[in-house]
Amino acid sequence: MSKEVITGSEALMRSLHNEGVKTIFGYPGGAIMPVFDALYGYTRGEKKMFDHILVRHEQAAAHAAEGYARVSGDVGVCLVTSGPGATNTLTGVADAMMDSTPIVVIAGQVGVGALGTDAFQEVDLVGVAQPITKWAYQIRRPEDVAWAVSRAFYIARSGRPGPVVLDFPKNAQNHTCEWNPIKVDNVRSYNPYPKIDSCAIEEAAKLINGAKKPFALVGQGVELGCAQNELVEFLEKADIPAGRTLLGLSALPSDHPLNIGMLGMHGSYAANMKTQECDVLIAIGMRFSDRVTGLPSTYGQQAKIIHLDIDASEINKNIKADVAVLGNCKQTIPAITSLLNENNHREWHDSFKKYDDMEIEKVIEPDIHPTEGPLLMGEVTNVVAEVTKGEAVLVNDVGQNQMISSRYFKFKNKRSIVTSGGFGTMGFGLPAAIGASFGAPERTICCFCGDGGLQMSIQEFGTIMEQQAPVKIILLNNNFLGNVRQWQDLMFNGRYSFTHMMNPHYQEISKAYNIPYDLVVDRNDLRSKVEKMISTKGPYFLECAIKENEDIVPMTLPGKSVDGMLLELDY
Amino acid sequence: MEKKLYTLLVYSENIAGILNQITAVFTRRQVNIESLNVSASSILNVHKYTITAWSDEEQINKITKAIEKKIDVVKADYYTDEQLFIHEVALFKISTPVLLDNPEVSRTIRRHDARMMEVNHTYSTVLLAGLTEDIADLFNKLNNFKCILQYTRCGRIAVTRSFDEPISDFLHEQDSKDND
Ligand SMILES: Cc1ncc(C[n+]2csc(CCOP(=O)(O)OP(=O)(O)O)c2C)c(N)n1
């Protein structure tokens, strides 16, 4: 029987379907038209396989794909045109690289014959994407589509996940080939799951068994490895208090007794102070980012450090490990747990209380239960967290809104935080929330934004309107680029160089996009307005008029050791 | 930490764009590449890179891991000179009139075991294969005779003191995985 002959574009559709793709975030253009034409047939009628979400800017397509990937655990997919369409996605690609988010960006490209001629909308996409992707590849012939797409998805989702860019010249979209489905599940030069070394496991267990003051640092690797239950067993068996990184916040339920808060520059006081007191530090699926370590040369010097990671290049990159346990933590954590003695570190655990009490008194209570003055970010987050009972997904933008909402939100379930950690990308929140609403349609998506970040992505109101994406947008409006304003106060004598910004009339904007809107100014209205937002079906925009010059504390100043963390800023 | 000349041996799939990815790892960490040689290896479809750079061990270790992390890089290792057989090749184009005028020039060439490749009225070419120091030595001597018209030297090439290519075991393991 002769094989079926199809175009490269058709092969792409079938290959995406074979990878289990259901949702695509995209934006058309000349160099990707044959693919969009093929897609048209697959988004409606009998052949319907995909939902295509037309975003309003390609950067949003990439962030939406990230949001989708983070909550669903699947690969997020973008489809864009060549040149400016492709380069617009690159901020999202770099963001995904930093935060280990599996996305596949497929971009049109001029025909192979025109490559290198500076043809209309040509850019060396593979060249510019290579340093910020896990893999970037140009599909030059239709017969390579099946292989390249399957390899792309395998690479994006396996091992330490990450973004892949596929550059798809027009001739390969249009020309035909015989259809041969291919499943790539092995690349000889790529070893996503390092072999687990039992000696390292034994050494790690020995160190933990001997520890008097063990302390665990929980990162996103736990979520990516689906090892949340294994983590809880591990922590409970040896009674180890745990701090979570920003990206690891939902790896351990907020109300778990061994959870002692968030690590990092604006994390919890005890978590930071105790890093400098513990005797064994167990880092699990986290990469010792400079936001977590503060001044690295002072970080955890007194402790033996155990580092569990799937990525060999993370070991000793920023902080030297005494024991490195390479591998997927889904396997390495239980392997260590089985060698652990049941333990009780009550005294050590109780010693955190002193710091917690100080933070509660000086920071948390004034943040979440203020009685006078303008509305605060902390109290808004706290009310949203209470109303959603830890069940919602937190998506945030970048800045003070990100730090505060991450500090005070509550998480019961895994895969509940979507944030731009490593890259700190303003304009991430709104599109990522749209993506998350498709990745977890049954969940409530709460998107906290600042006025700066919202305006960087405000065109996506169009996408929300068109899709009726059920995103609850909580704008913490302080009329400032608040985060930078705080630093200007700290380091530049309060010279507010271009951080004050005039805001548009958001109610009018919401009206234009037909998104329900409300404004909170008075704290007495806060709870009822949040309840109304959460109980309203579909999208909702709640603008909160926040104190203009609120500072985020605690804070570790740049270049300082983590135990230099301040509970109040003095300037 | 002390800086030494390290040699990296990198094996990759024969896919366009890999060289760029490998050199970018050095650039990003602000380490200069001293020499670079790329060619096919003894294994089908696998290319081999010999790269030298001045660095300390901690940094070269991180660079090596970052290179090995690239999807199409099969393996990357770093070595010090004692762990390797090292060779370089140099070509000298020298002035024939000076060569004929001064018998010391040809004696020097012979003493270095260099080969005369071509002699004509205006110029002669000399090839020397050897260690960096031998080549530098011949260069300095010929330079003193003021006879050098052109000079070029290839990057270092090296093989390890182990029995076969350092990736043979790795590829063997991969093959057996495929057959499982
Ligand atoms: C794309 C991008 N541009 C600039 C910055 C630098 N930056 C970090 S936070 C911040 C201020 C954010 O202001 P806003 O969105 O109003 O949030 P707030 O801090 O007030 O909550 C800026 C400008 C960034 N992180 N990303």
Give me the dipole magnitude in Debye, nearest 20, for chain A about the Cα centre, with unit charges on the beta carbon: positive for Lys and Arg, negative for Asp and Glu. 1020
Please compute the modelled spin-label separation between B:T27 and B:L127, points set 7 Å along Cα→Cβ, answer in nm with one decimal. 3.3
Please compute, for the alpha-carbon atoms of chain A, the extent along each of the three principal axes and give them in descending order in Å. 74, 62, 43
Across the residues of B:71-78, average count of Cβ atoms on other protein chains within 10 Å? 4
Rounded percent of accessible protein surface that carbon and sulfur make up, the protein assembly as shown, 1.4 Å probe: 51
What are the ³J(HN,Hα) couplings of the range A:418-428, residue after residue, when phi is run through the Karplus curve with 6.51, -1.76, 1.60 and θ = phi - 60°? Round to Hz, x for glycine and proline. 10, 8, 8, x, x, 9, x, 8, 5, x, 6
Taking θ as phi - 60°, what are the ³J(HN,Hα) couplings along the range A:41-56 by the Karplus curve (6.51, -1.76, 1.60), each to the nearest whole Hz, with x for Gly and Pro? x, 9, 10, 8, x, 5, 7, 4, 10, 10, 9, 10, 9, 7, 7, 10
If you filter the range A:380-472 for GluC sites (Glu not before Pro), then keep DSSP loop positions with at most 14 other Cβ within 10 Å, what is left? A:E391, A:E442
Roughly how many Å is it from the Cα centre of the range B:22-69 to that of the range A:270-318, as a whole number? 28
If you take each beta carbon of peptide A:181-194 and count the beta carbons of other chains within 10 angstrom, what is the mean? 4
Starting from the Cα-Cα distance between A:N413 and A:Q507, subtract it from 0.36 nm times their residue separation and give me the gain in nm to one decimal. 30.5 nm
Sequence neighbours fewer than 8 away in the same chain don't count; with that in mind, list the lysines whose C-alpha is under 18 Å from A:K213. A:K237, A:K274, A:K304, A:K353, A:K354
Cα centroid separation, the range B:123-167 to the range A:326-398 (Å): 63
Express the relative contact order of chain A as a whole percentage, based on alpha carbon pairs under 8 Å and six or more residues apart in sequence. 14
Could you name the lysines in cross-link range of A:K134, using Cα to Cα under 21 Å and dropping any fewer than eight places away on the same chain? A:K183, A:K195, A:K317, B:K62, B:K65, B:K69, B:K70, B:K75
Taking placed amide H atoms and a strict 5 Å upper bound, the residues 5 or more places from A:H256 or on another chain that come that close are none
A:D124's amide H: which non-local residues (gap 5+, or another chain) put their own amide H closer than 5 Å, with H modeled 1.01 Å from N in plane and none for Pro or chain starts? none
Of chain B, which part is the longest with no trypsin sites (Lys or Arg not before Pro) in a loop (DSSP not H, G, I, E, B) and with at most 11 other C-beta atoms within 10 angstrom? B:1-145
Taking Cα atoms, the helix A:429-439 axis meets the longest principal axis of chain A at an angle in degrees (rounded to 10) of 70
Efficiency of FRET from Cβ geometry, B:D56 and B:L91, R₀ 25 Å, rounded to 0.05: 0.15
On C-alpha positions alone, give me the angle between the axis of helix A:58-72 and the longest principal axis of chain A, in degrees, nearest 10. 60
Between the DSSP loop rule and a limit of at most 14 other Cβ atoms within 10 Å, which trypsin sites (Lys or Arg not before Pro) in the range A:27-100 are left? A:R44, A:K47, A:K48
5 Å binning of all Cα-Cα separations within chain B, expressed as whole percents from 0 upward: 1, 7, 15, 16, 14, 12, 11, 9, 7, 4, 2, 1, 0, 0, 0
As I understand it, the value is the acute angle between the Cα axis of helix A:523-535 and the longest principal axis of the Cα atoms of chain A; what does it come to in degrees, rounded to 10? 40
Tell me, what is the per residue accessible area of the protein assembly as shown in Å², probe radius 1.4 Å? 43
Can you give me the relative contact order of the range A:319-426 as a percent, contacts being Cα pairs under 8 Å and 6 or more apart? 19
How much solvent-accessible surface does A:C177 expose, in Å² to the nearest 10, with a 1.4 Å probe and all protein chains in place? 10
Return the loop-located trypsin sites (Lys or Arg not before Pro) in the range A:399-485 (DSSP other than H, G, I, E, B) with at most 15 other Cβ atoms within 10 Å of their own Cβ; answer none if there are none. A:K412
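The values are calculated or read from the model by the stated rules, or taken from the named source; none is laboratory data. This one's a predicted model, so the numbers in the text were calculated from it and none came from an experiment. We place every Cβ from the backbone using ideal geometry, glycine too, and count neighbours over all the protein chains shown. Heads up: the accessible areas ignore ligands, DNA and RNA and are worked out on the full protein's heavy atoms, side chains in. Shrake-Rupley method; radii C 1.70, N 1.55, O 1.52, S 1.80 Å.
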